[in-house]
Amino acid sequence: MLVHLLKSKIHRAQVTAASLDYEGSLTVARDLMERVGFLPYERVLCSNLANGQRFETYLIPGEAGSGAIILNGATAHLGKVGDRLTIMSYTEATVEEAKGWSPRVIVLGEKNAVTALRGG
C-alpha cells in the first residue's frame, strides 16, 4: 500500500509580482526551490493565507537570490503582491517509508528570506 505524504513546503512565501499575460504557473526563486527539493515543472498545491484561495499549478524557476514568488496566468487572479502563500508538493511512500518520513520545509520572512528550515 502507498500513502500520499507532504514532500516539500515553502510556508509564508510573499507574492512579489503577478503576470496575467503569462501562460500559467508559479515562478519561485531557484534557490528557494532547491532548499526544499522542488523540481522545475513540479505540480504544487498552493494556499493563499490572505484570502483562503487554494489552487494547483506547476513551478518554474526564477532568478536565484531574487526572492521571486510570481503568480502567472490564471493564478494571477487568486492573489496580489504582498499576499502570503503556502506552496506544497506531495509524494507517495510505502507505509514503512512513511513511519520515518520528514518533509523538507522552509519558512520565509521579510523579502522571502529563509527564517527556519526543518526536515528532509
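The values are calculated or read from the model by the stated rules, or taken from the named source; none is laboratory data. Note that the coordinates shown come from a computational prediction; the quantities given were computed from them, not determined experimentally. A quick note on method: Cβ atoms are made from the backbone with ideal geometry, for glycine too, and the neighbour counts reach across all protein chains shown.
Please determine, by comparing only the residues of the range 11-41 that are within 13 Å of Gly62 (Cβ to Cβ) and modelled with pLDDT under 95, which one is nearest to the chain's Cα centre (by Cα).
Only one residue fits best here, namely Ser25.
Cβ-Cβ under 6 Å, sequence separation 6+ or interchain: first residue in the range 31-52 and of a type in the set (A, V, I, L, M), partner modelled with pLDDT of 95 or more and part of a loop (DSSP other than H, G, I, E, B). Which pairs?
Ala50/Asp83
Condition test on Val15, is it under 17 Å from Gly119 (Cβ atoms), touching a Gly at 6+ places or on another chain (Cβ under 6 Å) and either of a type in the set (Lys, Arg) or crowded, with 17+ Cβ neighbours inside 10 Å (or both)? Let's see the steps before the verdict.
Numbers: under 17 Å from Gly119 (Cβ atoms): no; touching a Gly at 6+ places or on another chain (Cβ under 6 Å): yes; either of a type in the set (Lys, Arg) or crowded, with 17+ Cβ neighbours inside 10 Å (or both): yes.
So Val15 does not fit the description; no.
Go through the range 68-109 and report how many residues are over 22 Å from Gln53 (Cα atoms) and not hydrophobic (A, V, I, L, M, F, W, C). Steps first, please.
The first filter runs over the range 68-109 and keeps only residues over 22 Å from Gln53 (Cα atoms), leaving 91-104.
Next, from what is left, pick out any that are not hydrophobic (A, V, I, L, M, F, W, C): 91-92, 94, 96-97, 99-100, 102-104.
Of the residues in the range 68-109, 10 are over 22 Å from Gln53 (Cα atoms) and not hydrophobic (A, V, I, L, M, F, W, C).
Just give me the residues in the range 17-44 being among the small types (Gly, Ala, Ser) and in a loop (DSSP other than H, G, I, E, B), in sequence order. Break it down stepwise before answering.
The initial filter retains those residues of the range 17-44 that are among the small types (Gly, Ala, Ser), namely 17-19, 24-25, 29, 37.
Residues satisfying the conditions are Gly24, Gly37.
Residue-by-condition table, conditions (1) among the hydroxyl-bearing types (Ser, Thr, Tyr); (2) under 13 Å from Ala18 (Cα atoms):
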position: Thr75; (1), (2): yes, yes
position: Lys80; (1), (2): no, yes
position: Thr86; (1), (2): yes, no
position: Thr94; (1), (2): yes, no
position: Lys99; (1), (2): no, no
position: Gly109; (1), (2): no, no
position: Val114; (1), (2): no, no
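Is one or more of the residues making up the range 73-81 among the charged types (D, E, K, R) and either without any contact (Cβ under 8 Å) to a residue 60 or more places away in the chain or in contact with a Gly (Cβ under 9 Å, 6 or more places away or on another chain) (or both)?
no
Return the residues of the range 58-85 that are surrounded by fewer than 18 Cβ atoms within 10 Å (Cβ to Cβ) and closer than 22 Å to Thr115 by Cβ; say none if nothing qualifies.
To start, the set of residues in the range 58-85 that are surrounded by fewer than 18 Cβ atoms within 10 Å (Cβ to Cβ) comprises 58, 63-66, 73-74, 77, 80-82, 84.
Listed by number, the residues that qualify are Glu63, Ala64, Gly65, Ser66, Val81, Gly82, Arg84.
Has the range 39-57 got any residue that is crowded, with 18+ Cβ neighbours inside 10 Å, in contact with a Pro (Cβ under 9 Å, 6 or more places away or on another chain) and not basic (Lys, Arg)?
No, the range 39-57 has no match at all.
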